[in-house]
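Inspection log for the structure reproduced underneath, given as structure tokens.
The values are calculated or read from the model by the stated rules, or taken from the named source; none is laboratory data. Bear in mind the structure is a predicted one, so any value in this text is a computation, not a measurement. Cβ placement follows ideal geometry from the backbone for every residue including glycine, while neighbour counts extend to all protein chains displayed.
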Amino acid sequence: MTEISTSPTHSFLDYAPAPESKSILHLKKSYGLFIGGEFVKGSGKPFLTVSPSTEETIAEIANASAKDVDAAVAAARKAYDSTWRKLSGADRGKYLFRIARLVQERARELAVAESLDNGKPIKESRDVDVPLVAAWFFYYAGWADKLDYAGLGPNPKALGVAAQVIPWNFPLLMLAWKIAPALAAGNTVVIKPAETTPLSALIFAEILQQADLPAGVVNIITGAGDTGEALVNHPDVNKVAFTGSTAVGRAIAKSTAGSGKKLTLELGGKAANIVFDDAPIDQAVEGIVNGIFFNQGHVCCAGSRLLVQENVHEEVVERLKTRLATLRLGDPLDKNTDIGAINSREQLDRIRTLSDIGEKEGAERWTAPCVIPDKGFWFAPTIFDNVSTSSTIAREEIFGPVLSVLTFRTPAEAIAKANNTPYGLSAGIWSDKGSKILAVADELRAGVIWANTFNRFDPASPFGGYKESGYGREGGRHGLAAYLSSAGWGAK
Amino acid sequence: MTLESAQALAPAERAVGLIGSDLTEKSLRLHLEGLPGVDAVGLEQRAAGLGTRSIKTTSKARALDTIIRLIDLTTLEGADTPGKVRSLVAKAMNPDPSDPSTPRVAAVCVYGDMVPYAVEALGASHGDPAKGLISVAAVATAFPSGRASLHVKLADTADAVANGADEIDMVIDRGAFLAGNYGLVFDQIVAVKDACRREDGSYAHLKVILETGELNTYDNVRRASWLAILAGGDFIKTSTGKVAPAATLPVTLLMLEVVRDWHRLTGERIGVKPAGGIRSSKDAIKYLVTVAETAGEEWLDPHLFRFGASSLLNDVLLQRQKLTTGRYSGPDYVTID
């Protein structure tokens, strides 16, 4: 090789740091609860939210006690009775359009806050999360005055007060998935973001003030599991929507049973990403990467089980390793970062434990060559090859950047293995043959099936699971059904 | 299978090595049509993703110099004159008179009849770009359409080589390719490669222009790339610059995947040249990122990657001046060639 570079010791691939500036944020030292349109003090002991990439404290966050939950539900009830239910659909839509535009205006700020608090790379919060948040509000704003056409018969009714509990993996996007359809359908909301990622929701509260949304229509309360429990079990709540772990979802299903509350659950997953030998191979490798390493694998619909046809197994795994070696792990605010930080020490411990079990059970472990920063919570992209269907890592949701590789020989075997899980949230199929994709998709028990792509979301497309992945659908016309009842039934 | 197509194709070392010594139209077709498909949406998504890399400060400075070293400074006009070519050569040798630290471009690219003027103007600076010298590339084979008899194409090529061209940019017969006559396209590339042979037994480097804007599908681009490599091309090049669309990032990404795969298979490195339509430093940097993250950064070498461009150089010079002086100047602060 000839000498051509200015300084031969420098690699072109050593991209100079390109951090997104934090100066756009105007963070407060401490945040209260957003109840009745105002920030109020919480009566519980406040907690700190930290940046998972540096372990530095970002802000102090109020902790909602049962008393605060009461106040939030009462504010939502009052807003429902006095204002929101009386507004026309077109007027509700106006507020939603206004929120969507404000999200776009403050997109950079929201993206920086999200990456800071959650640890996800800025390129994802900037190019995926925040644009989708705006898209969700725009989409449901359009539905607000067209509920007669939602497929629920004429003049469907709002349910009342919705209690919503959301996870830490897509803090702002999950908030949008919950709030947008609820408001479009005419409900008022009390929402609790996860305790490790409250920041973007609190900035969103400022957006609601800016939008002049009537007080109490959306209340945002922060706290841990007990706050969520008090919220979903509150007697004056008509609807419970939860996204999170299957264990908590199961507990909520039990405690709300017989209460008359309408319930939707979006829980865990262990999705199969099926690669046939006639797949567009380079794009399939990209899809596998996007399927499991997007958002550090903190995705309920992540393609965590790679099912690859035996005759292309070696080639796919080799190409995958080459590709993973180009991923950049590090500062979530750097625009060139591909893999950010794990959201919390607790989650990191879980990923480590499950990975160690995988190794002990005989799977072949391969880790991408990344330099791990000294501070913060990090886990390098990892592949387990020769995983058997009985392995723990092929059955349990790891919720981290860990891919289990299994093989199959025939489409029937691929389908059987893909369905052989208590979950059923999503699946992916890679093949150049359209008829094969349709035939296989027909047999898969999963709520969302991607063909020759993975982890693509659109507000018009319903999302949700089978079996232990939950019930109810979010997004699209189907997402409205979770927040409406047919006229004369169940409405308060 | 007709008798004609059962005829053995011209022997080309690479094709024989990969497909076997009984190289026929049929065996070639089976190989090309057996390549995995390309998913257009996924390919374009990946290219867009590579395009979001943020190359700043020191990385940007190095990238700009790298771009200059990889440029084939081009003039391919019917109105070209010896004077125009001399002016182009002067620009190639001294891109920015206000800054002597500016590197030289890799080559000048001209029509065959302009080669003697380019060679003369370069004088002692004529030679291998890896040694800081400048090569002369000539377009040949009835560029840009390729619509001439093989006899004419070969004469065109031999003429340019005899005049001192170091590199030949040939066009493939797109009509034959689209009609499925892969063997004909293959044989022509082999014959042109043979016409690149100099008296001393060495060869001018052969760049094979696929004219991807006329091939229309990514599957075709992949097949044509393999075909050109199997027939002996040293470089695969996207476009003539006379057909829109010319070079695009997804097409270049796809061609880089082919040369990466060829290297994985054989250990041999083939060059890639996107040409036409790359006018800004910002776009060119996206190509560098795509090269480094797909084929590997060893491809950022004038023997393995080139930009076919004319106006790109001045934009890079303006960006370079901005980095050194801290302010933007205007188009009158760089020379027109």
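Please verify whether A:Asn455 is surrounded by 15 or more Cβ atoms within 10 Å (Cβ to Cβ), within 14 Å of chain B (Cβ to nearest Cβ) and closer than 27 Å to A:Arg250 by Cβ, treating the condition exactly as stated.
Numbers: surrounded by 15 or more Cβ atoms within 10 Å (Cβ to Cβ): yes; within 14 Å of chain B (Cβ to nearest Cβ): yes; closer than 27 Å to A:Arg250 by Cβ: yes.
Here the answer is yes, as A:Asn455 does meet what is asked.
Considering only helices (runs of 4 or more DSSP H) fully contained in the stretch B:135-200, which possess at least 2 residues that are over 18 Å from B:Thr212 (Cα atoms) and in contact with a strand residue (DSSP E or B) (Cβ under 8 Å, 6 or more places away or on another chain)?
B:150-162, B:182-195
Could you count how many residues in the stretch A:339-386 are of a type in the set (Val, Ile, Thr), over 29 Å from A:Glu314 (Cα atoms) and out of contact with any Phe, Trp or Tyr (no Cβ under 8 Å at 6 or more places or on another chain)?
Here is the first cut: in the stretch A:339-386, the ones of a type in the set (Val, Ile, Thr) are A:339, A:342, A:351, A:353, A:357, A:367, A:371-372, A:382-383.
Restricting the remaining residues to those that are over 29 Å from A:Glu314 (Cα atoms) gives A:342.
This time we only want the ones that are out of contact with any Phe, Trp or Tyr (no Cβ under 8 Å at 6 or more places or on another chain), so: none.
So the count comes out to 0.
Looking only at residues that are surrounded by fewer than 19 Cβ atoms within 10 Å (Cβ to Cβ) and under 18 Å from B:Arg222 (Cβ atoms) in the stretch B:15-26, which one is farthest from the other protein chains (Cβ to nearest Cβ)?
B:Ile19
Within the set of pairs 6+ apart or on separate chains, which have a first residue in the stretch A:32-47 that is touching a residue at least 60 places away in the same chain (Cβ under 8 Å), a second that is among the aromatic types (Phe, Trp, Tyr), and C-beta atoms under 8 Å apart?
A:Leu33/A:Phe39; A:Phe39/A:Tyr31
For the stretch A:82-90, indicate whether the set of residues that are within 14 Å of chain B (Cβ to nearest Cβ), among the aliphatic types (A, V, I, L, M) and surrounded by fewer than 19 Cβ atoms within 10 Å (Cβ to Cβ) is non-empty.
no
Any idea how many residues of the stretch A:246-294 are within 14 Å of chain B (Cβ to nearest Cβ), of a type outside the set (D, E, K, R) and either closer than 19 Å to A:Gly424 by Cα or in a helix (DSSP H, G or I) (or both)?
13
Which residue is farthest from the chain's Cα centre (by Cα), if the candidates are limited to the stretch B:285-298 and must be assigned to a helix (DSSP H, G or I) and within 10 Å of another protein chain (Cβ to nearest Cβ)?
Of everything passing the filter in the stretch B:285-298, B:Glu293 is farthest from the chain's Cα centre (by Cα).
Could you pull out the residue among A:Ser125, A:Ser115 that is of a type in the set (Ser, Thr, Tyr), more than 13 Å from the chain's Cα centre (by Cα) and within 23 Å of A:Glu55 (Cβ to Cβ)?
Result: A:Ser115 is the single residue among A:Ser125, A:Ser115 that is of a type in the set (Ser, Thr, Tyr), more than 13 Å from the chain's Cα centre (by Cα) and within 23 Å of A:Glu55 (Cβ to Cβ).
With respect to the numbered conditions (1) surrounded by 18 or more Cβ atoms within 10 Å (Cβ to Cβ); (2) outside any strand (DSSP E or B), which one is the sole condition not fulfilled by A:Leu406?
(2)
At pLDDT 95 or above, in a helix (DSSP H, G or I) and among the basic types (Lys, Arg) - does that describe any residue in the stretch A:111-122?
Scanning the stretch A:111-122, I find no residue that is at pLDDT 95 or above, in a helix (DSSP H, G or I) and among the basic types (Lys, Arg), so the answer is no.
Please enumerate the residues belonging to the stretch B:43-101 that are acidic (Asp, Glu) and either within 14 Å of another protein chain (Cβ to nearest Cβ) or outside any loop (DSSP other than H, G, I, E, B) (or both).
B:Glu44, B:Asp65, B:Asp72, B:Asp99
Give me the pairs, please: first residue somewhere in the stretch A:234-260 and within 17 Å of A:Val189 (Cβ to Cβ), second residue anywhere and in a loop (DSSP other than H, G, I, E, B) and among the basic types (Lys, Arg), beta-carbon distance under 9 Å, and either six or more positions apart or on two chains.
A:Val237/A:Lys261; A:Asn238/A:Lys261; A:Asn238/A:Lys492; A:Lys239/A:Lys261; A:Val240/A:Lys261
Please enumerate the residues belonging to the stretch B:105-134 that are of a type in the set (Val, Ile, Thr), touching a residue at least 40 places away in the same chain (Cβ under 8 Å) and not in a helix (DSSP H, G or I).
Matches in the stretch B:105-134: B:Val105, B:Ile134.
Restricting the stretch B:299-325 to residues that are part of a helix (DSSP H, G or I) and of a type in the set (Lys, Arg), which is nearest to the other protein chains (Cβ to nearest Cβ)?
The selected residue is B:Arg320.
Being in a helix (DSSP H, G or I) and surrounded by fewer than 21 Cβ atoms within 10 Å (Cβ to Cβ) is the filter here, so list the residues in the stretch B:262-280 that pass it.
Hits for the stretch B:262-280 are B:His263, B:Arg264, B:Leu265, B:Thr266.
Out of the residues in the stretch A:429-440 that are surrounded by fewer than 17 Cβ atoms within 10 Å (Cβ to Cβ) and among the aliphatic types (A, V, I, L, M), which is farthest from A:Phe408 (Cα to Cα)?
A:Leu438
Could you tell me whether the stretch A:197-204 includes any residue that is of a type in the set (S, T, N, Q), in a loop (DSSP other than H, G, I, E, B) and crowded, with 24+ Cβ neighbours inside 10 Å?
Within the stretch A:197-204 (the criterion being of a type in the set (S, T, N, Q), in a loop (DSSP other than H, G, I, E, B) and crowded, with 24+ Cβ neighbours inside 10 Å), the answer is yes, since at least one residue qualifies.
Scan the stretch A:261-275 for residues that are more than 15 Å from the chain's Cα centre (by Cα) and either of a type in the set (S, T, N, Q) or modelled with pLDDT under 95 (or both) and jot them down.
Passing the criteria: A:Thr264, A:Asn273.
Quick check on the stretch A:8-25: of everything there that is away from chain B (no Cβ under 14 Å) and touching a residue at least 40 places away in the same chain (Cβ under 8 Å), which residue is nearest to B:Glu293 (Cα to Cα)?
A:Lys22
Condition check: of a type in the set (A, V, I, L, M, F, W, C), away from chain A (no Cβ under 14 Å), under 25 Å from B:Ala138 (Cα atoms) and crowded, with 18+ Cβ neighbours inside 10 Å. Does B:Ala12 satisfy that?
Answer is yes for this residue.
Within the stretch A:20-32, identify whether any single residue is touching a Ser or Thr at 6+ places or on another chain (Cβ under 7 Å), within 26 Å of A:Val112 (Cβ to Cβ) and hydrophobic (A, V, I, L, M, F, W, C), and answer yes or no.
Checking the stretch A:20-32: not a single residue is touching a Ser or Thr at 6+ places or on another chain (Cβ under 7 Å), within 26 Å of A:Val112 (Cβ to Cβ) and hydrophobic (A, V, I, L, M, F, W, C).
Looking for whichever is under 28 Å from A:Lys120 (Cα atoms), at pLDDT 95 or above, of a type outside the set (D, E, K, R) and crowded, with 21+ Cβ neighbours inside 10 Å here; the options are A:Ile398, A:Ile415, A:Ile357, A:Ile372. Which one fits?
A:Ile398
Can you find, within the stretch B:204-247, the residue that is nearest to B:Thr157 (Cα to Cα) among those that are touching a helix residue (DSSP H, G or I) at 6+ places or on another chain (Cβ under 6 Å) and in a strand (DSSP E or B)?
By that ranking, first place goes to B:Leu206.
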